[in-house]
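Computed from the coordinates by the stated procedures, all read-outs in this text should not be read as laboratory data. Here the structure is a predicted model, which is why all the values come from computation and not from measurement. Every residue, glycine as well, gets a Cβ built from its backbone with ideal geometry; the counts of neighbours run over all protein chains shown.
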Amino acid sequence: MTIEVKNIVKKFGAFTALDNVDLKVGDGELLALLGPSGSGKTTLLRIIAGLDWPDAGEVSFDGENALTHGASERHVGFVFQHYALFRHMTVFENVAFGLRVQPRAVRKDEVAIRARVKELLDLVQLDWLSDRYPSQLSAGRRKAGSGNGRTASRAGTDRAAP
């Protein structure tokens, strides 16, 4: 899936958070947005995910206008700067959580959920930590685990998680 952003403008009063931003993320690409505080990283991700709306510009998924769809229809997740993990659950259970709470119509069976979680943990090389609790992890590994939970919960799609 390709995510494309063209000429995105977002203002908060007199402050311009995004000024004609263009971005293209190809199918299977992994993207990290880096920049100083206040540079518009989170604002851009919120617009892509459908949690906020641009003042001008276009957002498309595989060429289809994403701005006609709400957040629940876009199936896009992203990792916030501050991670959140359930302290009483292992890394594996935290990653699986988003898959297990999906509506029954789209929820996979437990075998498929476990396979997807293993795939994600293998991808970020955290499979060896799957039985550990958040308090037993470094800050970086906690953030990676939290990101996998968001990625895993993409409602049965393979959309990029910016």
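Backbone amide hydrogens, once placed in the peptide plane, bring residue 132 within less than 5 Å of 91, 92, excluding anything fewer than 5 places away on its chain.
Figure legend: label point modelled 7 angstrom from the Cα of residue 115 along Cα→Cβ; no residues of the stretch 1-45 have amide N under 20 Å from it.
Treating r as the C-beta distance of residue 125 and residue 14 and R0 as 41 Å, the FRET efficiency rounds to 0.35.
Note: relative contact order over the stretch 1-85, using C-alpha pairs below 8 Å and six or more positions apart, is 33 percent.
Greater than 23 Å separation of Cα atoms is the criterion. Which listed pairs, 24/108; 41/108; 10/41, meet it?
On the way: 24/108 30 Å; 41/108 32 Å; 10/41 12 Å.
Those over the limit are 24/108; 41/108.
Site pair residue 87 and residue 2 shows an inter-label distance of 4.7 nm when each label is modelled 7 Å from Cα along Cα→Cβ.
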